[in-house]
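The structure appears right after this line, and notes come after that.
Each value in this text was obtained by applying a stated rule to the coordinates, not by laboratory testing. Note that the coordinates shown come from a computational prediction; the quantities given were computed from them, not determined experimentally. Ideal geometry is used to build each Cβ from the backbone, glycine not excepted, and the neighbour counts take in all protein chains shown.
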Amino acid sequence: MEDWLLYCFFSAMFCLVALSVLFSSSLRPAKGAKPSLPPGPSGLSSVIGPLIFLGWTSFGIDPIVRAARRLYGPVFTLHLLPSVPVIFVADRAVARRVLVQSGAAFADRPPANLATRVFSSDQHNVTSAPYGPLWRVLRRNLSSMVIHPSCLRRHAAARRRAASGLLAGVARQMDGVATVEGLLHHAVFDVFVDMCFGGGLGDGVVASVTALQREFLTSVVGFQMAAATAPPPECYADTLLDLLIPEDDDSGGLRNLREGEMVSLCSELLAGGTDSTVAVMQWTMANLVAHPEMQAKLRAEIRGVTGGVAIEEEHLPRMPYLRAVVLEGLRRHPPGRFMLPHAATEDGATLDGFAVPRNALVNFTLGGMAMDGEVWPDPGRFRPERFLAGGEGEDVDLTGSREIKMMPFGAGRRICPGIDAALLHLQWFVANLVTEFEWSQVPGEAVDFAERQEMSVVMRQPLRAKVVPCSPS
């Protein structure tokens, strides 16, 4: 009953917003006038916008964003927060001009709310740090010392161990209906724990950390500080012990990270790396369950490369269809519909001729761009062949440096630094799951592709499938 009342409430709110959009559609900036905010609905929406924002996860603002895009064009403003305009960019070319070509102009983050300040140790992590010296130091350390391809190779044993545990967990469910969300989360989290703290924590500790993450991190970071040794860094926590960041008072001095700041940085890697990867992986497997012909094609490719022996990471670059399946999973089901908000770094900023106040949030419609029918024919269809030779995504650039066709990792200076890690983990685990088992829909039960917004866009109903061991090739 409560869910039904909540649905009715937010449906009514949407109708009111839609009406306000329609009645204000003629409110556009005059030609030749001083730069003003991008156009958008006013009046009623500025009053009930905050209510929609509070119901973001239950209701979603996608319908409002799509309606505003049709009425106002690729750049528009929605008043979702009191006194804070939220500017949306819903066009690939404009997004590239803003994020890539304009460089630092929109590389800042808006002021953090109380919750963000608490969990980020006052914006002392890569995601939330304001654009400037602190952000550069933190990002450079993560990119060069932890998730650079050469560093990822150090954790190959952890990936093999995690894959073995994942396959064993699936095998235990072969007599019934397999649910893999928890198993996927445990496997990916295990790898990131190894990247963050090194090996030897044990399977029991990894399981416990899911429920007690912050307490666990505090104790482990404290242990790492007490046990610091001279050998070169082998994990993220080691690199943080001697990392120097700018002093808080802008004096030009440097200082070490405080314990709480190290906890926030480790938590950022664990949560950010795990949740988004698991979400895309489950969506990808769901599509392979719903399309057995794609699953069979992928299995044939893997066996052709490995010759029937166990998969090694060195095999992955020789599997173009595997990469295509993963890329189509990222296009069709990006971890988020929108990017984390950006902000202008200076007063007087303009975006495609519109004014952008320093307090404005600037967002980008990742999901909408990946569903652009001008780039992706039949965009709602899951079709990995798009990314093979001759397909529209054959030469897709995930960084947006040349062109933006899709940007599941963002673009520009704030692009997610973990692209290589994400692609490696997605390909590695999907390949192992498809090689060892045949996946099919539960009899009489179609795969449910409905979405739910959490930290990432996840399946509303976790994937359920029948699994049987693959027959020998």
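Within the range 424-459, name every residue whose backbone N is under 17 Å away from a label modeled 7 Å from Cα of Val177 along the Cβ vector.
Of the residues in the range 424-459, 439-450, 459 have backbone N under 17 Å from the label point off Val177.
Using 0.36 nm per residue of separation minus the Cα-Cα distance, give me the extension gain between Asn256 and Asp352 in nm, one decimal.
Contour length minus Cα-Cα distance gives 30.5 nm.
Could you derive backbone 3J(HN,Hα) for the range 85-99 from the dihedral phi with the Karplus parameters 6.51, -1.76 and 1.60 (θ = phi - 60°), listing whole Hz in sequence and x where the residue is Gly or Pro?
x, 10, 9, 10, 10, 10, 9, 5, 5, 5, 4, 5, 4, 6, 7
Give me P(r) over the range 388-473, computed from all C-alpha to C-alpha distances, binned every 5 Å, as integer percentages.
Spelled out per bin, shortest first, that is 3, 11, 11, 16, 19, 18, 13, 7, 3, 0.
Could you run the Karplus curve 6.51 cos²θ - 1.76 cosθ + 1.60 with θ = phi - 60° over the range 62-76 and give me ³J(HN,Hα) per residue in whole Hz, x for Gly and Pro?
After applying 6.51 cos²θ - 1.76 cosθ + 1.60, I find 3, x, 5, 5, 5, 5, 5, 4, 5, 7, 10, x, x, 10, 8 Hz.
Students often get this wrong: which residues of the range 68-85 have the backbone nitrogen under 17 Å from the point 7 angstrom along Cα-to-C-beta of Glu451?
Flagged as within label range: 68-70.
Starting at the first residue of the range 426-434, write each ³J(HN,Hα) from the Karplus equation 6.51 cos²θ - 1.76 cosθ + 1.60 with θ = phi - 60°, in whole Hz, x for Gly and Pro.
4, 5, 5, 6, 4, 4, 5, 5, 6
Please compute the length gained on full extension between Asp122 and Ser143, using 0.36 nm multiplied by the number of residues separating them and subtracting their Cα-Cα distance.
On the way: separation 21, 0.36 × 21 = 7.56 nm, distance 2.14 nm.
Full-extension gain reported as 5.4 nm.
For a bin width of 20 Å, list the pair-distance distribution of the range 133-469 built from all Cα-Cα distances, rounded to whole %.
Over the range 133-469, the share of Cα pairs per 20 Å bin runs 28, 57, 15, 0 percent.
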